[in-house]
Amino acid sequence: MKTTTRWSPAALRGANNEGILGLIVLFLIIGMTAVNPDFFSFGTFFSIIRASVVPMIFALGVLIVIVSGGIDVSFPAIAIFSAYTTVVLMQTSGMDFGVLGVLGVALVLGALLGLINGGLIARFKLPTLIVTLGTQGIFKGVLLAYVGSRYIAELPASMANFSTMDLVSIGDGSTVASLHVLIVPVVILCLLVHIMLRRTMFGRGIYAIGGDTEAARRAGFSVVRIQLALYALVGALAAFGGVLHVTLTRSANPQDLLGTELDIIAAVVLGGASIFGGRGSVLGTVLGVLLIQLINNSLILMGIPSAWQRTAVGLLLVIGVGIQALGARRASKKVIVPRETVVPS
Amino acid sequence: MSNTDSTAPDRSVPVLEARNIVKTYGGVTALKGVSLTLTSGHVHCLAGENGCGKSTLIKIISGAERPDSGEILIDGVSHPFMTPKKAIQLGIQVIYQDFSLFPNLTVAENIVLTSAVAQKRKTFSLAQSRPRAHAIVQELGLTLNLDAYVETLSVADRQLTAICRALINDARVIIMDEPTTALTHTEVDRLFALVRKLQARGVALMFVSHKLEEALSISQDITILRSGDRVSSGSATDFDRRSISRHMTGRDIDESRVINPPQYDERPVLEVHALTRMGEFENITFDLHRGEILGITGLLGSGRSEIAESLFGVLPAESGDTTVNGSKVHIRSIRDAIDAGIGYVPEDRLTQGLFLDKSIADNMIASSLDKYRMKNHLLDNKRIARTISVFFDKLHIKAPNVSAPVRSLSGGNAQRVVLAKWLANQPQILILNGPTVGVDVGSKEEILTLLRAEAAHGMGLIVISDDVPELVSVCNRIIVIQQGRLTSSFTGDEIQVDAIQERMSA
Amino acid sequence: MSEQKSNETRQIALQTARSTNQRIDNVVSSSLARFHVSHGVGRMILLTLLAFVIFTIAAPQVFLNPLNLQNIAITSPEIGLLALAVMVALLTGGIDLSVVAIANLTTITISTLYSTIAATDEGLADSLGPVIVLVGFVVGLFGGFINGLLVSKVGITPILATLGTMQIFNGIAIVWTGGETLYGAPAMLNTVGTGAIAGIPLLFVVFIAVAVIIAVIINKTALGSTILLQGANPVAAKFSGIRTTRTLMSTYLISGALAALAGILIISRNPTASADYGSSYVLLVIVIAILGGTNPTGGFGTVLGVVLATLTLQIVSSGFNIVRLSSYEYAIAQGVILIGVMVIDQVTRNRQRSAVLKQRKLKVQLQAKDSNQ
């Protein structure tokens, strides 16, 4: 049931409906500004961006897995595991690793956990959803049972300082709109993942596996190696997201993030990635995450209880995917035989 | 790796030589010491029935499997540790039956990607790769949209994409696995023109096909496998259709014509009038009597399959009338067709006909479940068990028991399961599309005998096939479809293989 | 030619060896086939017994205490029904992520209706108990209907359709309750929640009864067969005349009904309702369904397997409690069991596959030999 309909002008629409998604985001901004002029302000934008930082990192990881034809529900567990464990390590050792040190330790932890996923998936060819369902329980359990279940309110100095660092602050004394410095690594990561997916053989291999695993094998790709590497990478990305989360919330809570996996997957799918693999782009994913944050923000501004957020996201997902599915259905009824009709010679 | 010489083919050293290849799977020998030589500028036909070891041999040459003993020599050098990547680097390219393309990538990407893997590239730039893809498409004189996604292409264009991909790697050996099964007549001609071009460039080709005439017309050398043994090989001029099939099967095939007279009731069991589905078939009119076997033939893409799918409600007709037993029926869905008493044995048995992991019993009962519903809505399992055992015995299905999964059956036995599924539903009309495709010769005869028996019991049968000798041996009447139109009809003594084949491609 | 002759004798010898081989193979494969049918169930019986024995040995007094066993019997039903709901969807090759959200909608409906009526007349509210419960059930069924509509009519992939409806139903529940926990349920539910027949909690009796009904639907009715066939190969199902839309719609209606029943059991056990009850259940019930032998790609699965998987996990949970292992360690155990079972499955399936392949190759060769004569 791959959605393959492409209306013209195809270029504008984008391979994964990025164009349409971009338009929706634009209309939403215009609409919200019309309803409430206050919406169109640096404050709103900066807060949307701040709220998008962590989901964006997770979404990049989810995108990579989905493009490869898998589903990962273990990334929140990996994220909080890596971040919390790193904080605990610093506390117990009494050392402050510094920002880079923290990231280094967390990323290694995340990559190792990701490698466990990748190993099970590549070696035993198990369904990715089932494997990550199992490992998320294990990761979560090990973290809470053996690393710690305590809420840590005081972060090591290096992280604490970082958490209040702003890139730009705009405004007068009373209302200051600040853009958090963490937007920088997020933008860089988005670009890097984009380049990785588009411009490296590793990235093309991920698309190849997602398109047709057997064909990828026959074409000479090492499917096992690509899967191992991509799950390790996704683990590291999750760990990065975990560290950002801890930094932004200025506390380390081992129960945090768990249960957010489906929201992120929804954002990535809204961003045009195909749940069957082989399709998806960083641009679409960025737009998908922004759209969800924008809607959350708009609902609040319109005075709609924030409780409606979940419903709104769910509706958006069902409508978005539903339109694609109906389109695909219609197309499959129209074009029955993908074969050239015989031309009278 | 010297693939620079594009000069005159050197016949002294073969490009690729397989020596005494032995391969066993779990104690069963798939290849028993097969040898084969491919020379530059020659087309080598590899023929054999399903399961004779053809695909195993291809897998070993392409590095996907490793032989137990024997060796593969490229330019006289042995390569004991072949991998897919290494085979590609050595200039061996396989065009698989399913093409093995990436549907989610563009034509250009598909063409250049494997060569990028073989070159151990780390980065990929479409901007740099596209000209290479463009060049190969130009060189072969093809019209392919390089930026189209492969999933949007026609089967023929996918095939051409696969060929371009094979050639961009400076392929010196190209193996084509059943390349013509999905192609129309004109497309096959185009493919053969391409093959001759490749020959002229000094490429060694291996052509794997079960279509004997076709294979004979393009090949210079031929090797025939049977049950993992090389039973014969030599120059293609020394073989004809009959001798090849004798080597393939180990006996002469009996294709003599045996038919029973139909029952000419007041009205035919099926009347089709002016059936039309624009772009596929137009104004098709024919009827079918009880006890009659009607053959529908035509080239691939002529519309013969679409007519069957339309009668069965897969692709409902846009206009025209269908009458079953004198009463008009409106077939808008498969369910409508079944309710009207029509059954359909599809051509693509594995995906459309069978539940491979389910048991023989579950498969047999799949179409007739509603018939076994008791008053309390439960299924009458006793009656079901009886039906299943009746058909299991009647159709001589070779399996340990009815709970064996269909996946474990051979092609012929699997086809009998599909037949049993429809016979259990007691249709008045049974449409069979390519009923013996991929079926071994022994089963083929038995299946045809079964069809005759059902006709003798009063069922009306329609057999759709491009295997004219088969149709001749079993049909009372044969109609020919050309470019979506019914162009001729053969009855009685007119039914001759040559005459029909002539009409088909006229 | 003498060479040919010796060749022939050798082939005859080979052939006799082969036919003996085949006979042995037939026996093996038919026993394998039988093994396959009860594969999930046999394994689950073993696992259930294993869990039971381990904790009996670890802490006999506490574990075998009737109170503890009753506790297992009281906590299992709601999870078991949710797992069955997921299983039914899995059988068609789909999945239902919205079951917990549907169950919560049912509990919230029941609690709200009851409290509203009880605010004016408590007696009336209790006497209207059956109606209130029925309305709650219908709300759950309606949730299933929406899923069925999206999957069968619109054609959305089940995992995305139910991911969406999960968010929608859950969102509605949050808005409805304002994120608070609601109190109050008809008295009749309390009777169900606390009652027992011969020492067996009524909740457990209901669970088993529903499980039996589902088992009958799946194994003994045309609908059940079509559900399994649809999951085994949707294209072949279509070409066999199976009404796909109707089958899928029925599947998600059954799934919704089971989720609603789970909701009724939840509020029977504890007369409260909240939007975020059992948020960790979504993944747990999938784990149970798969552990119980349901094929995640559809076509295969047994109710008994899922029931046993439910009991196993509840036994492990209660046992872990008794030997003072935390719920976190229970989470680890869940994951390890799931992955362990899948890995073992995969390894044995590969072995089976090669056995089947072997038999098939042999048959092809024998046929070729037959036709030689």
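The values are calculated or read from the model by the stated rules, or taken from the named source; none is laboratory data. Everything quoted here is computed from the prediction, not taken from an experiment. Every residue, glycine among them, receives a Cβ derived from its backbone with ideal geometry; neighbour counts consider all protein chains shown. To get the accessible areas, we keep the full protein, side chains included, count just its heavy atoms, and leave off ligands, DNA and RNA. Shrake-Rupley method; radii C 1.70, N 1.55, O 1.52, S 1.80 Å.
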Under 19 Å from the Cα of residue B:398 - aspartates and glutamates, other chains or at least 8 residues apart: B:49, B:357, B:362, B:440, B:445, B:446, C:25, C:370
Spatial extent of the range C:27-366: Rg and Dmax, with the Cα atoms as the point set, Å: 21.2, 83
Relative contact order of chain B, defined on C-alpha pairs under 8 angstrom at six or more residues apart (%): 15
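Under the rule of -39500 (n - 2.57) per DSSP H run of 4 or more residues, summed and divided by the residues of chain B, what mean residue ellipticity at 222 nm is obtained, to the nearest 500 deg cm²/dmol?
Result for chain B, helices only: -9500 deg cm²/dmol.
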Two-decimal ratio, the range A:196-345, of alpha-carbon radius of gyration to 2.2 N^0.38 Å: 1.37
Amide hydrogen neighbours beyond the local backbone of residue B:343, cut-off 5 Å, H modeled: B:429, B:430, B:431
Principal axes of chain B: Cα extent on each, largest first, Å: 74, 50, 49
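Working with all protein chains in place, sort A:245, A:180, B:377, B:457 by solvent-accessible area computed with a 1.4 Å probe, largest first. Before the final figure, lay out each step's value.
Numbers: A:245 30, A:180 10, B:377 120, B:457 150 Å².
These residues rank, largest area first, as B:457, B:377, A:245, A:180.
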All-pairs alpha carbon distance profile, chain A, 10 Å steps from 0, percent: 5, 23, 31, 25, 11, 3, 1, 0, 0
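I'd like the Kirkwood hydrodynamic radius of the range C:211-295, using the inverse of the mean 1/r over distinct C-alpha pairs, in Å.
Working: mean 1/r = 0.0673 Å⁻¹.
Answer for the range C:211-295: a Kirkwood hydrodynamic radius of 14.9 Å.
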Cut-off under 5 Å, modelled amide H: who pairs with residue B:477 long-range: B:293, B:295
³J(HN,Hα) computed for each position of the range C:148-158 - Karplus, 6.51 cos²θ - 1.76 cosθ + 1.60, integer Hz, glycine/proline x: x, 4, 5, 7, 8, 8, 6, x, 7, 4, x
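Using a 10 Å cut-off on Cβ to Cβ distances, tally the other chain neighbours for every residue of A:118-124 and report the average as a whole number. Mind dumping the intermediate values first?
Details: counts 0, 0, 4, 0, 0, 2, 8.
Going residue by residue through A:118-124 and averaging, the value is 2.
Determine the alpha carbon to alpha carbon distance for each of B:375/B:444; B:358/C:153; B:371/B:394; B:85/B:444; B:54/B:85; B:328/C:238 and list only those over 29 Å.
Working: B:375/B:444 41 Å; B:358/C:153 27 Å; B:371/B:394 20 Å; B:85/B:444 39 Å; B:54/B:85 21 Å; B:328/C:238 24 Å.
Beyond 29 Å between Cα atoms: B:375/B:444; B:85/B:444.
For Cα pairs less than 8 Å apart in space and 6+ apart in sequence, what is the mean separation divided by the residue count of the range C:27-366, i.e. the relative contact order in percent?
Details: 527 pairs, mean separation 110.5, N = 340.
Relative contact order comes out at 33 percent.
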Heavy atoms of residue B:258 accessible to a 1.4 Å probe, total area in Å² rounded to 10: 70
Semi-axis lengths (Å, descending) of the ellipsoid that matches the C-alpha gyration tensor of the protein assembly as shown: 54, 38, 31
Estimated vicinal HN-Hα couplings, Hz - the range C:235-242 in sequence order (Karplus 6.51, -1.76, 1.60; Gly, Pro = x): 5, 4, 4, 4, 6, 8, x, 6
Efficiency of FRET between residue B:22 and residue B:121 - r from beta-carbon atoms, R0 56 angstrom, step 0.05: 0.95
Rounded to the nearest 10 Å², the accessible area of residue C:53 at probe 1.4 Å: 70
Loop-exposed chymotrypsin sites (Phe, Trp or Tyr not before Pro) per DSSP, neighbour cap 12 Cβ within 10 angstrom, longest uninterrupted part of chain A: A:152-345
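So which GluC sites (Glu not before Pro) in the range B:249-320 end up in coil per DSSP with only 15 or fewer other C-beta atoms within 10 Å?
On the way: sites: B:255, B:266, B:271, B:280, B:282, B:292, B:306, B:309, B:318; in loops: B:255, B:266, B:280, B:292, B:318.
For GluC sites (Glu not before Pro) across the range B:249-320 that sit outside H, G, I, E and B with at most 15 neighbouring Cβ atoms in 10 Å, the list reads B:266, B:318.
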Chymotrypsin sites (Phe, Trp or Tyr not before Pro) within the range B:220-312, DSSP loop, no more than 13 other Cβ atoms inside 10 Å: B:264
Descending principal axes extents, the range C:134-278, alpha-carbon based, whole Å: 51, 41, 21
Contact order normalised by residue count of chain A, Cα under 8 Å, 6+ apart, percent: 33
Set of aspartates and glutamates near residue B:23 by C-alpha distance (under 17 Å), chain-local residues within fewer than 8 positions excluded: B:65, B:68, B:71, B:229
